[in-house]
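This report refers to the structure that appears directly beneath it.
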Amino acid sequence: MRSQPRFYPSRSALCCLLFLALLPWTALSVQARGFSESPSKAANSDPALHTEYGGLCTWRWTCGGVQGQMRWPTTGSCWNDAVRDMPLAIILRGNGFNYRDYDYLQDHLARNGILSASINKVAAGETAADHQVVADAAETYLTSACFQSNFLDNFSSADPVDFERTALVGHSRGGESVRYLANNLSTNPDFTVRAVVSMAPTRATTASLYGTKTPAYMLLYGTHDEDVEPDAAFASHDLAGWNEISTPTSYDLDRSMKLFIGGFHSGFSDDSVGLFPVQWEVAQGYVNAFLRAWLLNDWQFYGGYVRGDQVPGTWGNGISSQFSSSVARRVIDNFEDLNVTPNTLGGAVTTYGVASIGAVSATPIVETSHAGRILRFTPDQDNAYVAWDIPVGQRNANGYLYLSLRLGLLEGSGPVSGRLWIKNGNNYAWVDLADYGGVPEPTVMCTDSVALSCITYEDQGYMRTLRVPLSAFGSHNDVQRVYLQFLSGAVGEDFMVDNVEFSDAFVIVNP
């Protein structure tokens, strides 16, 4: 924080070897590093390495024509010494994948005290009816007399599974089917879905996921996905929840997205025959951090790995993070009204050195796969800025922890130097954008694919959530204005911004 500086208010199946040979070497180099523990991290400080139980048990059975694989932790024998009241993670597979292709994830969850059920059912097509069939089959499997007598009744404890602590995890088509399963289980009194994870999900249907179905949603996606195009993944994240207004509602979600730079579709499964062990490691780390919080009330990894920018495991190509909190916030501007000014709070929006600016729908913009409404602008001078005025009565931000916004570069090569300012009373204070992740430059993404091979690679802009602790600015009890300023490298570049807000109540029961 700098006070009153000189101020110038003045962005399947198995991947065939031919496909891999055609991919950029920079992407392949990530996968070639192998699965290894970082010597600089203690196991209990990294959710990809953290374990609590050494004993693992597996049970496979077919009920009603549907196969399932259960995996759970034990301190001794599988049935007599199993952990009591285990939370449950239901895993739905992708098309062309096997229900046993997620053993790496089931193993890691079991070692962390979570029982998982991988269900061998996938949507036969891309309609809502196809996904509903999968949701119905998974629910029926876990509530059937067959499952009760052949699995649950084997345990010596009366309540081996706590269905009121349930999570859903889906890959590809399964990542879309989990939205339907969340809806099913929201009306089943025996289940409470506390978290949903989608890994490279399809989005052929517009079924939405809201806080009325689950309080938390995480999406994992790789830029080199050879099956699901980025429009599907970004929309699945951007349109989840109603996190757009200042007063939280039951429809809001804790919403997180992790974009794996250089990540692959098959890298979220075991089906890749050892080609993607580093991606498994980082994926299991994020899923573990997320589910430990919502199922086990263990929030030790949540702030750094889910809300923040820490990367589990040994992933080397970079991760871009987005996060939106379901708890109290004061939305300064969300651009949902498609007006530049006034902002969502009712204050004026002013600019300096900006050639063009407009609140627009992101969906038609070919340079990005984001969905929803955003602010798009192009500076034509160094020291250009966009500023949001805070109306009287809304200026005391002492009840919040962060100044947060989503920011990305649509077109341009960067790097961009910039600052985020507040004017508190008559004092100005600023932080460097680079200290909080900076402006992400467009990256190569697979934008057209077929049969697990990429047809077209294109540069795509994407947003990162910058969460700046309000304490970094010093006093914030009378914030009259927030500035986003670009010092150099921004002239002629095309930026997008969304969700400018004071976020997270100062006292949070569940982070």
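The values are calculated or read from the model by the stated rules, or taken from the named source; none is laboratory data. Nothing here was measured: the structure is a model prediction, and the numbers come from that model. As a convention, Cβ positions derive from the backbone with ideal geometry for all residues, glycine included, and neighbour counts pool all protein chains shown.
Scanning region 354-375 for residues that are farther than 13 Å from Leu409 by Cα and touching a helix residue (DSSP H, G or I) at 6+ places or on another chain (Cβ under 6 Å) yields Ala371, Gly372. The set of residues from region 134-155 being closer than 18 Å to Arg93 by Cβ and either polar (S, T, N, Q) or surrounded by fewer than 17 Cβ atoms within 10 Å (Cβ to Cβ) (or both) comprises Asp136, Thr140. Residues in region 338-393 that are within 30 Å of Thr447 (Cβ to Cβ), of a type outside the set (Ser, Thr, Tyr) and not in a strand (DSSP E or B): Leu338, Val340, Ala362, Pro364, Ile365, Val366, Glu367, His370, Ala371, Gly372, Asp380.
Condition check ((1) touching a strand residue (DSSP E or B) at 6+ places or on another chain (Cβ under 7 Å); (2) hydroxyl-bearing (Ser, Thr, Tyr); (3) over 19 Å from Leu105 (Cα atoms)) across all residues:
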position: Val196; (1), (2), (3): yes, no, no
position: Ala207; (1), (2), (3): no, no, yes
position: Gly241; (1), (2), (3): yes, no, yes
position: Gly263; (1), (2), (3): yes, no, no
position: Pro277; (1), (2), (3): no, no, no
position: Leu296; (1), (2), (3): yes, no, no
position: Phe301; (1), (2), (3): no, no, no
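For Leu420, state whether it is at pLDDT 95 or above, in the same structural domain as Gln485 (by TED's automatic domain parsing) and within 16 Å of His476 (Cβ to Cβ). Taking the combined requirement at face value, the residue satisfies it.
For region 87-139, residues that are farther than 25 Å from Thr206 by Cβ and either of a type outside the set (A, V, I, L, M, F, W, C) or outside any loop (DSSP other than H, G, I, E, B) (or both) total 24. With respect to the conditions (1) under 26 Å from the mean Cα position of the chain (by Cα); (2) at pLDDT 95 or above, Tyr385 lacks only one, and its number is (1). Please indicate, with yes or no, whether at least one residue in region 184-206 is of a type in the set (A, V, I, L, M), more than 30 Å from Ala82 (Cα to Cα) and at pLDDT 95 or above. Yes, because at least one residue in region 184-206 is of a type in the set (A, V, I, L, M), more than 30 Å from Ala82 (Cα to Cα) and at pLDDT 95 or above.
The residues of region 322-374 that are in contact with a Gly (Cβ under 9 Å, 6 or more places away or on another chain), under 22 Å from Glu493 (Cα atoms), aliphatic (A, V, I, L, M) and surrounded by fewer than 22 Cβ atoms within 10 Å (Cβ to Cβ), listed by number, are Leu338, Val340, Ala355, Ile365. Scanning region 179-209 for residues that are in contact with a His (Cβ under 9 Å, 6 or more places away or on another chain) and either under 18 Å from Arg100 (Cα atoms) or of a type in the set (A, V, I, L, M, F, W, C) (or both) yields Leu181, Ser198, Met199, Ala200, Ala204, Ala207.
Only one entry of Val278, Val282, Val306 meets the criterion of being at pLDDT 95 or above, farther than 21 Å from Pro87 by Cα and not in a strand (DSSP E or B), and that entry is Val282. Among the residues in region 172-187, are any part of a strand (DSSP E or B), buried (at least 24 other Cβ atoms within 10 Å of the Cβ), of a type in the set (Val, Ile, Thr) and in the same structural domain as Cys63 (by TED's automatic domain parsing)? No: region 172-187 contains no residue that is part of a strand (DSSP E or B), buried (at least 24 other Cβ atoms within 10 Å of the Cβ), of a type in the set (Val, Ile, Thr) and in the same structural domain as Cys63 (by TED's automatic domain parsing).
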